[in-house]
Amino acid sequence: MNFQALTLPEKLDQLFVFVQHWIMGFFPAHWQPLVGALVGVVGIVASFPAIFALTTVLERKGLGRMQNRLGPNRVGPLGIFQPVADGIKSLTKEDIVPVSADGVVHFLAPVVLVVAIFLGYASLPIGRNMVLVNIDAGLLFFFAVGASTELSIFMAGWSSRNKYSLLGAMRAVAQMISYEVPLLMSAIVAVMMTGSLSTVKIVEAQSGFTGIFPHWYVFTPWGFAGFVLFVIAALAETNRTPFDLPEGESELVAGYFTEYSGFKFALFFLGEYLGMMSIAGFGITLFLGGWGAPFSFLNFIPSWAWFFLKLLAALCFFIWLRGTLPRLRQDQLMNFAWKFMLPMTLLNLMVAAAWRFLGDSATGAWLRWVLCAGVLLLAYVGLGRVLMRKQRLGARSYRYAE
Amino acid sequence: MLGEGIVKGLAETAKNFAGSFVSKERLTTVQYPEERVEPIENTRDFPFLVYDGSDPMAGLRCVACQICEKECPPKCIYITKSTDKKPDYVGKPQIYPARFDIDISVCMSCQICVEVCPFEAIKMDTEFELSTTDRFEGLILDREQLAKSNEYYNKIHPTEAAEVDARLAEEKAKVEAKAKAAAAAAAAKAAAPASGETTAKPAPQKDPAKEPGA
């Protein structure tokens, strides 16, 4: 591709790709793949933590506004340099490791967490031609790497030698494994429709327009249901409110990172937000058209800008939820996962299959809309009623060892 | 239906979010160092010593009886009695505290010292900006730092201080009346040798009057 031959919007769109190629041009041919990958990695490692810093201040200010406060407003104009102050603080704080802790594992846990989460970004398409490695099974890679964060959380809980840490880690692992199933199942519908596990292909399959409206999967019954289920499972997977039981302050102090301080704590914090962003990024890729514009006449805006705008919107929604919902109880969490999420995702798979085989002929199109939407709605109302049925729990009886 | 409550909740927080930009009345907090809220009258944090008059050390009401030191649950009061005496508010010579320290890092603001003090000498303060760079010595307040005037007390806790002042005035008046009576009696006694019989007479007169009632 020749940079000069492109129009201005196209130039902006491919700006970062050309920068990468320009840097690669300084190296001999057999070094170029490595250099190209390194440039991409630097881009990801620089941009997403920057969004993390932005998110922390947005979150604190947004939550403040929801509670009719101003939020942080001391560091810099309107408090926008608050993350800088927080960073300096966490870097200069004393790093305390409990005497009886397993020092090596205690040190490794936050590192492993951040590394595993960064690995997930490898197959995330953040713009046209902007994916670090275009693997055929990109989605599978993301879920496989994402599942390994559970290991680091358990490492943290186990190595701290603290009952709260261990209980928090147990809770976190139980929760993440329970919600891993609906998360995967809700993502499968997009794979079924695209016929590929490649994240790039999934985005391309959604890039068409009917009139001015895009072909995003979220605008179909199965896509909408899948998207809602994916968001719920993603919230639980990243330990966000209302699923933040692993760090329930009133019960567990701070959960698995009770014994972490200073920069290791900051790494956990960073890992949590990076995990949230990567899972939101994949939600966008699967259901919200990835880097595609929401209307055909907005195509002149660069693809990466659309991706980051959608990501920011997703983060704002997460913050909004955090400001609204109280924490669930453990039994509610598990009931919700196994009695609502799992049946709904299974049903959604069948609905997606029916949608695929009803075809989009003139009559079939209407029929499949009514049929699929009706089935999903009925299941939602029915399962919701079952879930909200008042449980008659008698007085708790205890049995003690003789 | 499932999820109705969540939608309602989201609408509520969205309303608060938008509303906080529009109406200033919604904001429940004030920007502290620049703006302040007057503490309510029953605010209390750490004890202080009340003094009368203009000289803090001379006017301290404390007589170093050490009741507060003994009653203090976390034992944060340290008192050393003086060897000499100085007149108190009614003019009676009293011991005073040569040292009166309160470790406010230990104090739990329970107000027990205030309740047990028979001399209305220790009261609760409302001053909260006590941060210091020395966490050991800086948080032990000595009697110079603790001494605050009765006017200050009247300012921070007006109702309570008015009661205390009334009680003290009453007591003082009683003492003065007693002193006056004693002085009068002394004067009478001094005058007595002139008429020796009159002093002996009233005693037998009272006895018959008491007997029927008893």
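No value in this document is a laboratory result; all are computed from the given coordinates. Keep in mind the model is a prediction, meaning the values are calculated, not measured. Every residue, glycine as well, gets a Cβ built from its backbone with ideal geometry; the counts of neighbours run over all protein chains shown.
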Under 15 Å from the Cα of B:LYS189, which aspartates and glutamates turn up, not counting those fewer than eight places away in the same chain? B:GLU197
Pick out, from A:MET130, A:VAL42, A:PRO214, the residue whose Cα sits farthest towards the positive end of the charge dipole of the protein assembly as shown, with +1 on the Cβ of Lys and Arg and -1 on the Cβ of Asp and Glu. A:PRO214
Under a cut-off of 17 Å between alpha-carbon atoms, report the aspartates and glutamates in cross-link reach of B:LYS180, not counting same-chain residues fewer than 8 places apart. B:GLU170, B:GLU171
Run through every distinct alpha carbon pair of the range B:47-156 and return the Kirkwood hydrodynamic radius in angstroms, one decimal place. 14.2 Å
Suppose every Lys and Arg Cβ carries +1 and every Asp and Glu Cβ carries -1, with no other charges. What dipole size does the range B:47-156 come out with about its Cα centre, to the nearest 20 debye? 380 debye
Under a 5 Å amide H to amide H cut-off, with H placed in plane at 1.01 Å, what residues pair with B:GLN94 once short-range neighbours are removed? B:LYS86, B:ASP88
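If you place +1 on the Cβ of every Lys and Arg, -1 on the Cβ of every Asp and Glu, and leave all else neutral, what size is the dipole of the range A:222-360 about its Cα centre, to the nearest 20 Debye?
Working: 8 positive and 9 negative charges, 64 e Å.
In debye, rounded to 20, the range A:222-360 gives about 300.
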Straight distance only, please: which lysines reach the Cα of B:LYS75 with their own Cα at less than 18 Å, same-chain residues fewer than 8 apart left out? B:LYS123
How many Lys pairs in chain A lie less than 21 angstrom apart by Cα atoms, where the lysines are 8 or more positions apart or on different chains? 7
Return one quarter of the surface area of the convex hull spanned by the alpha-carbon atoms of the range A:246-402, equal to its mean projected area, in nm². 16.2 nm²
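Ignoring the sites themselves, what is the longest stretch of chain A with no chymotrypsin sites (Phe, Trp or Tyr not before Pro) in a DSSP loop and at most 14 other beta-carbon atoms within 10 Å?
Numbers: sites that count: A:PHE3, A:PHE26, A:PHE295, A:PHE300, A:TYR398, A:TYR400.
In short, A:27-294.
Which whole-number percent of Cα pairs in the range A:89-236 have a distance greater than 28 Å? Please report the intermediate quantities before stating the final value.
Details: 3788 of 10878 pairs.
Counting pairs separated by more than 28 Å, the tail of P(r) holds 35 percent.
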Debye, to nearest 20: dipole size of chain A, +1 on Lys, Arg Cβ, -1 on Asp, Glu Cβ: 1160 debye
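Please go through the residue pairs B:LYS70/B:LYS148; B:LYS92/B:LYS172; B:LYS92/B:LYS178 and name each one whose alpha carbons sit more than 19 Å apart in this structure. Spell out each step's value before the answer.
Values: B:LYS70/B:LYS148 23 Å; B:LYS92/B:LYS172 11 Å; B:LYS92/B:LYS178 13 Å.
Those over the limit are B:LYS70/B:LYS148.
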Shape box of the range A:1-42 [Cα atoms, principal axes, largest first, Å]: 31, 19, 11
Over the range A:96-386, one equal point on each Cα, no solvent: what is log10 I(q)/I(0) by the Debye formula at q = 0.07, 0.10 Å⁻¹? -0.28, -0.56
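Write down Rg/Rh for the range A:63-107, rounded to two decimals, with Rg from the C-alpha atoms and Rh from the Kirkwood relation over Cα pairs. Spell out each step's value before the answer.
On the way: Rg = 16.6 Å, Rh = 13.3 Å.
Rounded to two decimals, Rg over Rh is 1.25.
For a quick check of your reading of the filter: which GluC sites (Glu not before Pro) in the range B:126-160 sit in a DSSP loop and have no more than 16 other Cβ atoms within 10 Å?
Details: sites: B:GLU127, B:GLU129, B:GLU137, B:GLU144, B:GLU151, B:GLU160; in loops: B:GLU127, B:GLU129.
Here the sparse-neighbourhood loop sites are B:GLU127, B:GLU129.
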Name the GluC sites (Glu not before Pro) in the range B:1-90 that are in a loop by DSSP and that have at most 16 other C-beta atoms within 10 Å, would you? B:GLU34, B:GLU35, B:GLU41
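List the equivalent ellipsoid semi-axes of the protein assembly as shown in whole Å, largest first, each obtained as the square root of 5λ for an eigenvalue λ of the Cα gyration tensor.
Values: eigenvalues 1136, 174, 116 Å².
They are 75, 29, 24 Å, listed from largest to smallest.
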Ascending count of other beta-carbon atoms within 10 Å, so fewest first, for B:THR13, B:THR80, A:THR56: B:THR80, A:THR56, B:THR13
For the range A:119-195 and the range B:8-67, compute the distance between their C-alpha centroids and round to whole Å. 48 Å
Order these by the 10 Å Cβ neighbour count, fewest first: B:ASP88, B:ASP125, A:ASP102. A:ASP102, B:ASP88, B:ASP125
